[in-house]
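Accompanying notes for the structure given below.
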């Protein structure tokens with residue numbers, strides 16, 4: 001059975017029928033593109049041990065603010081940044097307020113999107129109106145809207161962010177040709193200005209496996225801007241000792257080999 005047949009059959013068993021599937025060579029090239037690399041910075045964990053905590057480079061000195069769209073019931077990441085003197089801007093239309101009260105943390109009741117109206121705002125304009133002068137952090141978990149937001153955001157705005165921590169959803173769309181094109185375009189844009197230095201699967205969602213390609217449905221990526229760290233000839237350990245399951249009552253997902261140096 002060819003890899004394309006495996007992809008079709010695998011999706012059909014899940015009730016998803018694809019008319020056009022991604023070529024094996026394209027998938028292999030994508031996994032090579034997004035392979036995490038050592039960037040000469042120690043990794044640290046910011047925030048709680050489970051959901052809401054993230055592995056990031058220890059390069060926070062001089063960062064002015066964090067923009068954090070997608071608000072859950074915890075804000076351990078933003079609270080930890082506040083202790084370091086870094087203010088955070090939160091946004092989410094689906095909740096009424098930030099989960100914590102802290103003078104270093106502000107909240108706006110809007111979704112991040114590709115227009116500006118009563119419900120949505122563009123990342124470019126959100127950053128601009130808060131008049132931040134220094135480097136920034138983006139910590140984004142917006143349930144699949146991340147693709148259109150990144151494609152909508154000008155490159156010079158993305159370069160404002162020294163560190164990007166983005167949760168990518170519906171990654172099984174890599175197996176569909178149209179979904180693959182969108183996802184690849186997003187990562188190509190981000191990698192123009194940033195390196196990937198860490199990936200962690202979210203164990204709240206399942207894993208899709210077709211042949212040698214194993215794709216967790218949801219993945220947390222950490223990026224560091226290229227001027228802040230040069231690639232090093234080091235083998236990164238996966239899982240990292242700082243990794244923790246998003247859901248503590250479930251076994252964590254180890255990053256599959258196709259993402260980090262295998263197949």
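The values are calculated or read from the model by the stated rules, or taken from the named source; none is laboratory data. Keep in mind the model is a prediction, meaning the values are calculated, not measured. Don't worry about glycine lacking a Cβ; one is built from the backbone with ideal geometry, like all the others, and counts go over all protein chains shown.
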(message) Which numbered condition in (1) touching a residue at least 40 places away in the same chain (Cβ under 8 Å); (2) in contact with a strand residue (DSSP E or B) (Cβ under 8 Å, 6 or more places away or on another chain) is the only one that residue 193 fails?
(response) (1)
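Mind telling me which of the residues 133, 92, 141 ends up being in contact (Cβ under 8 Å) with a residue 60 or more places away in the chain and surrounded by 15 or more Cβ atoms within 10 Å (Cβ to Cβ)? Full working, then the answer.
Values: 133 fails: surrounded by 15 or more Cβ atoms within 10 Å (Cβ to Cβ); 92 fails: in contact (Cβ under 8 Å) with a residue 60 or more places away in the chain.
Of the residues listed, the single one that is in contact (Cβ under 8 Å) with a residue 60 or more places away in the chain and surrounded by 15 or more Cβ atoms within 10 Å (Cβ to Cβ) is 141.
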(request) Say whether the condition of being out of contact with any helix residue (DSSP H, G or I) (no Cβ under 7 Å at 6 or more places or on another chain), surrounded by 14 or more Cβ atoms within 10 Å (Cβ to Cβ), farther than 20 Å from residue 156 by Cβ and modelled with pLDDT of 95 or more is met by at least one residue in segment 114-127. (result) yes
(request) Taking residue 35 as meeting all but one of (1) part of a loop (DSSP other than H, G, I, E, B); (2) surrounded by 19 or more Cβ atoms within 10 Å (Cβ to Cβ), write down the number of the exception. (result) (2)
(message) Tell me whether segment 53-70 contains one or more residues that are without any contact (Cβ under 8 Å) to a residue 60 or more places away in the chain and closer than 30 Å to residue 179 by Cα.
(response) no
(message) Can you find, within segment 187-225, the residue that is surrounded by the most Cβ atoms within 10 Å (Cβ to Cβ) among those that are under 11 Å from the mean Cα position of the chain (by Cα) and under 20 Å from residue 22 (Cα atoms)?
(response) 218
(message) Could you tell me how many of the residues in segment 166-190 are closer than 16 Å to residue 146 by Cα and touching a strand residue (DSSP E or B) at 6+ places or on another chain (Cβ under 7 Å)?
(response) 7
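Show me the strands (runs of 3 or more DSSP E) entirely contained within segment 199-250 in which 2 or more residues are out of contact with any helix residue (DSSP H, G or I) (no Cβ under 9 Å at 6 or more places or on another chain) and at negative phi.
Working: elements: 207-210, 213-216, 219-225.
The qualifying strands (runs of 3 or more DSSP E) are 219-225.
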